[in-house]
Every structure is written in C-alpha cells, then in structure tokens.
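Trainee: I am attaching a structure below and will ask some questions about it afterwards.
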Amino acid sequence: MKTIALAASLIQEIRHLCIYLVDLRKASAEEMRKSVYSNYAAFIRTSREISDLEGQLLSLRNLLSTRANLVHGLADGVGIHSLSDGPEGSKAEDVVRLDQGPSKVENWLAQYLETLEVLLAERRVDEALAALEEGEKMAEEAEKQKSLTPSALLLSLQAAIMEKRKKLADQLAEAACQSSITIVELRSSVQALKRLGDGPRAHTLLLKTHYQKLQSNMQSLRPSGSLEGVAYTAALSQLVFSTIAQAASDSLAIFNEEPAYVSELVTWAVKQTENFAQLVKRHVLDLPAASGGLRPVAESVHICFGHCSLLEARGLALSPVLLKIFRPCVERALNANLKRIEQSTAALAAADDWSLNYPPVGSRAFGTTSIGTALSSQPRLSCSAHKFNSMVQELCEDVSPLESLQLSDAALEGVIQAFNAYVNLMINALPGSTETENLEETGHKIVRMAETETQQIALLANALMLADELLPRATIKLSSSQQIYRMDEQSRRTSDKQNRLPEQRELKRRLQRMVDQLRDTFCRQHALELIFNEDGGVRLGADMYLIMDGNADEPEWFPSPIYQELFQKLTYIASIASDMFVGRERFATILLMRLTETIILWLSDDQIFWEEIENGPRPLGPFGLQQFYLDMEFVILFASQGRYLSRNLHQVIKNIIARAIEAVAANNMDPYSMLPEDDWFAEVAQIAIKMLTGKANFGSMERETGSPTASISARSASSVHSHGST
C-alpha cells in the first residue's frame, strides 16, 4: 500500500511539473516575442536604410556607366577625325555620307523611339515594358559586339531608354495614386513598376495606396447616430483589418517573402493598427471606462482582437499592439466597475431591511427558465446582496472573453476586495459594533442597522451564500478563460479540472475568512450583551458565586440567569438558522458553537474573575462551587444535545471546573465532599432544559414539595451526605 501511495504521489508531482514546464514554455515564448517586437522598429529602420543605399548605389553605377560610354564615344569621334587624310579626304567623306543619307541603324533607332513614345502616350504599359526590355537587350548586345557604330548611336539609345523608363515609372505611380483605381489595376501598376527595377518604390507605393483608400473609407465612418459605441468599433475594425489583410495579400503575391518588403509591410501594419487603436480608444473606450461601463469596453476590445487574430495566419501578429493600448483602458474600466459595485451595494445597504427574498423576476438569475423552476434553484438573499451578486456575475461574464488581456487575476482579486467591503458593511450593520460607533468619523458608508436576531442572522446568510456558492460559481469563468489562454488543447483536457480545484479551494478559503469575521463579530456582540448590563456592569462576575455561602438556607438549585439566557438565545438562534441555512446546517452548528465558546473563553480568560475566586477576601464556598459546577454542566448538556459541543469547548469547561475546585482546595477545604454525584448535575441540568423549553411536567411534584427545585435540593443534600460518608 505504501508503494502504491508513493507511486500516486510521484505521478501527481510529475503532472504538476509538466504543467509548470508548459506554463514556463508559454511564458518564455511570450517573452521572446515581446523582445523581438520591442527591437523590431530598429531592425526595420536599418533594413530600409540598407535597401535605400543599395538603390542609390545602383543608380550611381548606371550613371557612371553612361558617362563612361559617353566619354568613350567622344574619344572615338576625336580619333576618327585625327586619322583623316586632310581637308580633301574629309570633304570627300562628307560628300559620300551626304550622298548615302541616314543609315539603317539610324532609321531603326528613330522608329524605335517613335514607337516607344506612342506606347507611353497611349499608356499601353505591357507593350511599353516589352519595348524597353527589347531596347535594353539590343543595347547590351551592341555594346558587347561593337555592332552599333558610331558610338554616338549607342549612347543615344541608352539615354532614350533611361528617359522613357523614368517617364513610364512616373505614369505608373500617378495611376496608382488615383482614388478610383481598382485592386487589379493597382497590382498591375505595382508589378509593372517592379519590372522596371524599382521594387522599393513599388512596394512603398502599394502600401501608400492602401493607406489612402483606408483613410477615404474611414471618412464615411463617423461615430454618430446609429453607428456609435460597439457598432462603430465593429465597422471600423473590420475595415482596418481587412485593408491590412488585402495589403499583405498584395505584397506577398507581388514581392513574395523578401525580407526587406516583409519588414516594411509589418511596420506599416503596426502603424495602421496603432492609429486604429488610438481612434477606438478616443471615441469609444475612454468615456465608458471612466464611468465603469465595462460591458461596452469589453465587447469593443473583444471584437478588435477577434478581427486581429485572423491576420495571424498571414504572419501578422498585431495583438501586442492592441494589448499595449487597450489594456490600460480595460483596467480602468474594471477598477471603475468594481468601485461602482461597492457604491451601488452600499447605497442599497443603507435602506436594506435585511430580509431574505428570491431574486426579482426578470433578473438575469432566472435566464430563460420558468419562474417556478428558477425560484427553486435560486438563493434567498437581501436586496443589497442580490445587487452585489448580479453585478459580480455581469463583471465576470464581461471579463472572461478577454483572455488575451490576462485580466482574470486582477478581476478575481477585485471581486474578493469588493466582497470584503460588503462584509464590512454588514459588520457595521450589527448594533453596538466598534465600526458602527464611529461611522461618520471614519468615513464609512451609512448602513441600516440589523436590530433583530433574524436580521442579524440574515447578514450571515448573505455572506455565507455569496462566499460558499455564488461567487465561486461566477469567478470560475475567470479561471477557465485564464487556463484556456495559457494551455493548449491537449493539456487543457488532461489537467483543467485538476488546476481548477486548487484555485477554487483557495478562493473559498479567502472568502470564508471574511465570513468568519462577520460571524465572530456577531458572536462577540451577543456575548457582550449577556456578560454586561446596559450601564456597563458585569453580570458574569465572581460575586454571583461568592455571595451564595453568606446565606444560611440552601438555595433552590437551578442554572444561573446568564446561562439560562445563553441557552434561550442559542435555542432561538438555532430555530432561525434552521430556516435560513437549509442545506448548510454545518454553518449553523459552527455559529452556535462559536457563540458558546465566546462566553466560556471570556470566563476562562477573565483575570478579575479568577483573582477574586482564588485570592479574594471571601473564599469560594460549597454552595458557590456547586452552583458553578452546575452552570458548567448545564452548558455541556445543552451544547451536547444541540450537537455544537466541540472538543475545545468541552476541554475548556473541564479546565474551568478543575480550576474552581483547586481554588476551594487551596483554602483547606475538601471540594469533593461538597459536591453531589455527577448524576445529580445531569438531572438538574436536564430538568432546567425542559423547564426553559416548556416541555417539563411537574404537576405531581409541585403538589408534594411545592416546587421542582425543592425536590432537587432535598436530593442534593442526600447526595452530599452520601458523598461525604464515602
């Protein structure tokens, strides 16, 4: 068995380690992604500068080549003239040239340039590109084979090609900038510009044209009329991210995945996303975020992230841009919403009558179910608790879709703090609490007092139902969304339940500690009401036992009044709690246990009480010891019958009895000779319980002895005599 337990423990540790490693891998990937993103602008800027420098070097090389050809041509011309035979020969050659007229090459060049000019004028781009490519090919062959003479013709051809290329490029750029250009025409123009050898300009022109179209379309989207808030965000988000998607598609189709162009595309997409996010923030998010309107903020942000995520398939991860701009705004909305929950709850608590009712019909607690079915499954709370619960439910529903913002932990902590504030309100509603006495001085919210025990126990029912069921049920949406964001599908299937249970247990522990504060305050207030008089005098003092031996007559044995009141109060509270804590009887038991313990522990720790018992001028006598013993046994009996006698309470009472017996023994008296048998205390306590609950029937006893306690007193004397003779 030990081996199996050890193996199970080892498997559990391995599972936790695997989960930890998965989370660590996700965190490392996210950190690397943020690091790359933070340095991406510098990388793109450097890449663009290198691309520009390459283009400038290419232009410089072409210019130098052209000028070198021009110089060679001039040198050839000078050499021809220097080799002529003199004026007569020169004149003869000129005559021959004049007689021959333009050569075939000159005629071809003139016709080629005329054709190229016509193509450009008619904007026949494909044919013009083909003609330019043909001319460039012929110029390269002529330059290699020296077939185009004189050299001035080659220079003229090269200069004409450069001029026409520039003119065609300007025409393409002008056409691409037209607002009426279609996507097909834009792609055609950019591809043509790329064929001309000016790829950087073509790509920049492509992105510029998409930007202009985006700006033009955005002019028709103004946040006014029916297009406001979430609707405006949805329309604008779809427009912006569809434009970015189209630009990315065009870029990849024309330029493939060349690093320089991909970098420029990413930079452009990031800038457009930033502009869009700032626009949404200014026109949609800022106002509701400041007033606590979390729902429109959450819906708008969720729509934006939804459209943005569609671009990740194209390699554009723009979510960090939205996260950077939207997260502070959503956090502000969340904090304002939490503050609004506290304020709204406090406003209702000021007029709450602390009576438990079902949720109002029409609230989201009923959903689409029938009223009868819904009522049977809904908790009974006071009106302020219903308001608190409904607002927390709405908050969790609004935050849960925003898993990419990772706000679940902050929202959960905010809910816990809001519940703590509500519990403090209910503590202030208890009469006589120290917080209530200084409400105006401390700036606490004004709250309606819970005057009766029913109202006070309703406070406990509010806190218990919220902490034990409603808040964990609402916040499980937050923990689920957080796990979905952090874990992949396979890991979530295997360990979602295992991860959720520890979180829920920790949440319940924190909430329960706040409920315990309210419960302990309730017990303390009721204990103080029993222990002290209204004028501040102590009812549970040593005198109530010390003065009993000053009378010659034996008293009628019955529990002291304070313990009678304690029993009656506990009985009354138990009857109320049985109605309010249906299905949660354990809490009612703990409540009764804590109230009883508060009284007994106060007695155990009261130094003044024990100083008078142990060292006072009047010693504790037989009657006083017997009465004290009877009171303690009475508490043990009714707590045991009510099933709220804890081991701690039982041990404390036994220690108190032992201490009282030791105090008597310290005065050279035999305490055991003064006390009846244990059965006598049990009998008297049981009779007292029946009398206090109205279940006793002492008709015959009263006729014989005059009162039930008279018979008890007689048996007490007999028991003491028997105990002493033994």
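Trainee: Using a 1.4 angstrom probe, figure out how much accessible area the range 198-332 has per residue, in square angstrom, rounded to the nearest whole.
Mentor: 43 Å²
Trainee: Please state the shape class of the range 616-665: rounded when a/c is under 1.5, otherwise prolate if a/b exceeds b/c and oblate if not, all from the C-alpha gyration tensor. Each step should come with its number before you reach the end.
Mentor: Values: a/c = 3.99, a/b = 2.10, b/c = 1.90.
It comes out prolate by the Cα gyration axes.
Trainee: Ignoring ligands and nucleic acids, what accessible area does Phe532 show with a 1.4 Å probe (Å², nearest 10)?
Mentor: Looks like 70 Å² after rounding.
Trainee: How far apart, in nanometres, would the label points at Ser344 and Glu565 be if each is projected 7 angstrom from Cα along the Cα-to-Cβ direction?
Mentor: Computed distance between label sites Ser344 and Glu565 equals 4.3 nm.
Trainee: My understanding is that a pair violates if its Cα-Cα distance is over 25 Å; which of Lys508/Lys569; Lys569/Lys690; Lys271/Lys324 do that in this structure?
Mentor: In this structure, Lys508/Lys569 exceed 25 Å between Cα atoms.
Trainee: Mind ranking 626-635, 609-618, 334-343, 672-681 by how tightly packed they are, going by the mean number of other C-beta atoms within 10 angstrom, highest first?
Mentor: Answer by packing, highest mean first, reads 626-635, 334-343, 672-681, 609-618.
Trainee: Sort the range 590-643 into rounded, prolate or oblate with this rule: let a ≥ b ≥ c be the square roots of the eigenvalues of the Cα gyration tensor; rounded if a/c is under 1.5, and if a/c is not under 1.5, prolate when a/b is larger than b/c, oblate otherwise.
Mentor: Details: a/c = 6.01, a/b = 1.68, b/c = 3.57.
The shape class here is oblate.
Trainee: To the nearest 20 debye, what is the magnitude of the charge dipole of the range 590-674 about its Cα centre, counting +1 on the Cβ of each Lys and Arg and -1 on the Cβ of each Asp and Glu?
Mentor: Result for the range 590-674 is approximately 380 debye, rounded to the nearest 20.
Trainee: Could you compute how fast the range 542-693 diffuses translationally, taking Rh as the Kirkwood radius over C-alpha pairs and applying Stokes-Einstein at 37 °C with viscosity 0.692 mPa s? Give it in µm² per second.
Mentor: The Stokes-Einstein estimate is 201 µm²/s.
Trainee: What does the extension gain come out to for Thr452 and Ser646, with contour length at 0.36 nm per residue minus their alpha carbon separation?
Mentor: Gain on extension, Thr452 to Ser646, equals 67.1 nm.
Trainee: In addition: At 7 Å along Cα-to-Cβ for each site, give me the label-to-label distance between Arg509 and Asp553 in nm.
Mentor: Label at Arg509, label at Asp553, 6.0 nm between them.
Trainee: On to the next question. Can you find, among Leu318, Ser300, Ala346, the residue sitting farthest towards the positive end of the charge dipole of the range 296-365, where Lys and Arg contribute +1 and Asp and Glu -1 at Cβ?
Mentor: Comparing the listed Cα positions along the dipole, Leu318 ranks first.
Trainee: Round to the nearest 0.05 the FRET efficiency obtained for Ser355 and Ser575 when R0 = 25 Å and r is the Cβ-Cβ distance.
Mentor: 0.90
Trainee: Compare the Cα positions of Ala639, Ala577, Tyr563 along the charge dipole of the range 542-693 (+1 at Cβ of Lys, Arg; -1 at Cβ of Asp, Glu; about the Cα centre) and return the one farthest towards the positive end.
Mentor: In the range 542-693, that residue is Ala577.
Trainee: In whole Å, how far is the Cα centre of the range 212-266 from that of the range 406-426?
Mentor: Value for the Cα centre distance between the two parts: 40 Å.
Trainee: To continue, here is another question. If each of Ser216 and Tyr672 carries a label point 7 Å out from its Cα toward its Cβ, how far apart are those two points in nm?
Mentor: 11.0 nm
Trainee: Still on this model: Counting only protein heavy atoms, what percent of the accessible surface of the range 542-693 is carbon or sulfur at a 1.4 Å probe?
Mentor: 50 percent
Trainee: Please give the per residue accessible area of the range 542-693, computed with a probe of 1.4 Å over protein heavy atoms only, in Å². All intermediate terms of the calculation are to be shown ahead of the outcome.
Mentor: On the way: 7080 Å² over 152 residues.
With all protein chains present, the range 542-693 gives 47 Å² per residue.
Trainee: Could you tell me which of the pairs Lys26/Lys281; Lys339/Lys387; Lys654/Lys695 are separated by over 19 angstrom between their Cα atoms in the structure shown? Before the final figure, lay out the partial values.
Mentor: Working: Lys26/Lys281 29 Å; Lys339/Lys387 14 Å; Lys654/Lys695 29 Å.
In this structure, Lys26/Lys281; Lys654/Lys695 lie more than 19 Å apart at Cα.
Trainee: With all protein chains present, how much of the accessible area of the range 198-332 (probe radius 1.4 Å) comes from carbon and sulfur, to the nearest whole percent?
Mentor: That fraction is 54 percent.
The values are calculated or read from the model by the stated rules, or taken from the named source; none is laboratory data. In this text, all values refer to a predicted model and were calculated from it rather than measured experimentally. As a convention, Cβ positions derive from the backbone with ideal geometry for all residues, glycine included, and neighbour counts pool all protein chains shown. We work out accessible area using only protein heavy atoms, side chains counted, and drop any ligands, DNA or RNA first. Shrake-Rupley method; radii C 1.70, N 1.55, O 1.52, S 1.80 Å.
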